[in-house]
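Comments concern the structure below.
The values are calculated or read from the model by the stated rules, or taken from the named source; none is laboratory data. All values reported here derive from a predicted model rather than from experimental measurement. Positions of Cβ are backbone-derived with ideal geometry, glycine not excepted, and every protein chain shown enters the neighbour counts. Heavy atoms of the whole protein, side chains included, go into the accessibility calculation; ligands, DNA and RNA do not. Shrake-Rupley method; radii C 1.70, N 1.55, O 1.52, S 1.80 Å.
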Amino acid sequence: MILQSVFPKNSIILDLESEDKDELFEELLQNIVNRHDEIDRDEAMNALKKREEKMTTGILPAIAVPHCSIDTVQGVVGAIGISKKGIEYGSLDGEPVHFIFMMICNASDDSLHLTALHDLAVVLKSSEFIDLLGASPSVEDVWEFLGKSDFFFEA
């Protein structure tokens, strides 16, 4: 999967305003809805919160991957948020998250959802990927870096 197709330039927020998980979901979901008017915002928010109730998606140090499946979206869409100060998230390690990758997938295509999560997980396990992402000074740099993420996949 090419991460640039899930996370286009206008989906990247370098300086999140959010301070907690609820605000974060609102901020990132609004970015997605602004780009995809076919998405039912309430359906997406409810699905994100329902998924989060099962288990936190803050599963890696400093990283959260909130995600859900809904009927009103085509394919996989997403938004990336970066917070220098960190956001209280209820993550497994109890620490704030700094890198958030929100994805919304079509409910009728489980294989696409799983592929998207798998591909993102592969690159997120690389500390080098996260270090380079965090050092990117602009949206353009983050987006260009995402285009090179295939480097992190093993042949």
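Within a straight-line Cα-Cα reach of under 19 Å, Lys85 can be paired with the following lysines, leaving aside sequence neighbours fewer than 8 residues apart in one chain: Lys21. In plain terms, the chain from Leu92 to Lys54 could stretch by 12.4 nm, reckoned as 0.36 nm per residue minus the Cα-Cα distance.
Here the Karplus relation 6.51 cos²θ - 1.76 cosθ + 1.60, evaluated at θ = phi - 60°, turns the backbone of region 50-65 into coupling constants of 4, 5, 5, 5, 5, 5, 4, 9, x, 9, 10, x, 6, 10, 10, 10 Hz, with x for every Gly and Pro.
A P(r) calculated from all alpha carbon pairs of region 56-109, with 5 Å bins opening at zero, reads 5, 22, 25, 18, 13, 12, 5, 0 percent. Could you compute the longest span of the chain free of GluC sites (Glu not before Pro) located in DSSP loops and having at most 16 other Cβ atoms within 10 Å, not counting the site residues? The longest uninterrupted stretch comes out as 39-153. Normalised by the number of residues in the chain, what is the relative contact order in percent for Cα pairs under 8 Å and 6+ residues apart? It rounds to 28 percent for the chain. Across region 60-150, Cα pairs under 8 Å and at least six residues apart give a relative contact order of 29 percent. Just so you know, the Cα atoms of the chain work out to an Rg and Dmax of 14.2, 40 Å. Couplings for region 27-34, taken from phi via the Karplus curve 6.51 cos²θ - 1.76 cosθ + 1.60 with θ = phi - 60°, read 5, 6, 5, 4, 4, 5, 5, 4 Hz in order; Gly and Pro are left as x. With the convex hull constructed from alpha-carbon coordinates only, region 1-86 shows a mean projected area of 5.7 nm² over all directions.
Between region 1-66 and region 126-141, the C-alpha centres lie 19 angstrom from each other. Overall, the accessible surface of the chain at a probe of 1.4 angstrom is composed of carbon and sulfur to the extent of 52 percent. Quick one: work out the % antiparallel among DSSP beta bridges in the chain, nearest 5. Bridges in the chain are about 50 percent antiparallel.
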